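Written out below as C-alpha cells is the structure these notes cover.
The values are calculated or read from the model by the stated rules, or taken from the named source; none is laboratory data. Remember, it's a predicted structure, so these values are computed and weren't measured experimentally. Cβ placement follows ideal geometry from the backbone for every residue including glycine, while neighbour counts extend to all protein chains displayed. What goes into the accessible areas is simple: the full protein's heavy atoms, side chains included, and nothing from ligands, DNA or RNA. Shrake-Rupley method; radii C 1.70, N 1.55, O 1.52, S 1.80 Å.
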Amino acid sequence: MITRLFNHAHVLFQTDDGDGLMPEPAIGASIDANGVIVLEQEGRHIVINRPSVNELCRLLRTLRDAEARHG
C-alpha cells in the first residue's frame, strides 16, 4: 500500500539580500499525515503545530526587525 505522507507541498525560494552572496537554500513546507506543518531544508525538519503558527510569525518579524536595527 502506498500512503501519501505529505500534503499541500510548497517551496520558498529564498531571494538574494543584495550582499552578493548566494541566497540560502530553498525551504520546503507541507502538512504531514498528522496535520502538523513540516518545514524542511537540506534534510533537516522543523515540525510546527497549528496553534503555534501566529507566534512563530511574530517571532520571525521580531528577528527580522532586530537585524535591521542592529545590522
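Restricting to Cα pairs below 8 Å that are 6+ residues apart, what does the relative contact order work out to for the stretch 19-63? Please round to a whole percent.
This gives 23 percent for the stretch 19-63.
Would you mind working out the accessible area per residue for the chain, using a 1.4 Å probe, and quoting it in Å²?
Per residue, the chain has 87 Å² of solvent-accessible surface.
Report the extension gain between residue 22 and residue 52 in nm, rounded to one decimal, defined as 0.36 nm multiplied by the number of residues separating them, less their alpha carbon distance.
Full extension from residue 22 to residue 52 adds 7.8 nm.
If I take R0 = 30 Å and measure r between the Cβ atoms of residue 41 and residue 68 in this structure, what FRET efficiency does the formula 1/(1 + (r/R0)^6) give, to the nearest 0.05?
Step by step, r from the Cβ atoms, then E = 0.85.
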